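Notes follow the structure.
The values are calculated or read from the model by the stated rules, or taken from the named source; none is laboratory data. Every value quoted in this text rests on a predicted model; they were computed, and no experiment measured them. Please note: Cβ atoms are built from the backbone with ideal geometry, for glycine as well, and neighbour counts cover all protein chains shown. Areas reflect the complete protein model, heavy atoms only, side chains present, ligands, DNA and RNA absent. Shrake-Rupley method; radii C 1.70, N 1.55, O 1.52, S 1.80 Å.
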Amino acid sequence: MPPSARERLLLTGAGRNTEAFRGTDWALLAAIALIWGASFLLIEVALTAFAPGIIVWGRILFGAVTLACVPRARKTKIASQDYGRVVMLGLVWMAIPLTLFPIAQQWVDSSVPGMINGGMPLMTALWAGMLTSRLPGRIQMVGLIVGFVGILAIFLPEIPAGVGHGTPYRAVGVGLSIGAIFCYGLAANLAVPLQQRYGSPAVLLRAQGVALVAVTPYGVWSLHSSTFAWPAMSAVAILGVLGTGLAFVMMANLVGSVGGPRGSTAIYFVPVVAITLGVVILGETVHPLAMFGTLLTLVGAWLTSRRERFASPATLTLSDP
């Protein structure tokens, strides 16, 4: 029986490499962690002058302009049957989560969504299981769990000092951050077959075009509550060129290579970067429990990067047995 329209839309696939991570995979992982680890600090700077709608609109615009400078991104054709998946990717990987994070950071400090963002690999594995009716290998599952425990250990000491200064919107900020990584988990799976078929720049340029259209009304509405400042503008430009342009391409390349659940372990290193930036730039102190959690995230990422022990079909949908 041919797959339904919904099943064609929610299509994922296995990575090309089921062996242990190669040097290029680790390089992509490290670069993604560095760029996205700094993004929450940049959002905090941007919020000093811009409302959330301006931040998300600006970073997507800068990201799209960056990708448009790549000839391959402009010239590669996307088949009509894949338009729906590109649109969905633009919404769940960019428009929705990139909007939720700056809204959340109005009520929580930058470290909090950075810590919560570390739960993305488990969300990715959850979505992969639902889309393919198959769980990750045993070693990968252990790695995901160990890494998530590490994220909790990092996150818990930050709650008293880092969240919302006692405002009643604390739960809202945390909930929005969780909603964002729920979207990221789905997107990491949807990106795999598209990246393998067309390459990252072409797919992401079109997805960012969709996201830009989707967030424009919110951006226009946010103009009345924003002012202009060069530090905020610079932060948005860096977020766009590096965080929304370059890092998304690298992430798509990584999940296309090693699969969504394993590729998303790059996010386990985001809290590590956030902690380091806090200590070096802001003079913050690190709780011993957070140090232990950092060690667990590194162990979890290494376990998840090991060779997968099951055969992976090339492409799977919800209708597969």
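Could you let me know the centre-to-centre spacing of segment 214-277 and segment 87-155, using Cα atoms, in angstrom? Measuring centre to centre over Cα atoms gives 14 Å.
What you get for segment 40-117, charging only the Cβ of Lys and Arg (+1) and of Asp and Glu (-1), is a dipole of about 540 debye around the Cα centre.
Each label was represented as a point 7 Å from its Cα along the Cα-to-Cβ direction; for H224 and Q106 these points are 1.4 nm apart. In plain terms, the chain from C69 to T24 could stretch by 13.8 nm, reckoned as 0.36 nm per residue minus the Cα-Cα distance. Largest accessible area first, the residues S200, S133 order themselves as S133, S200 under a 1.4 Å probe with ligands, DNA and RNA left out.
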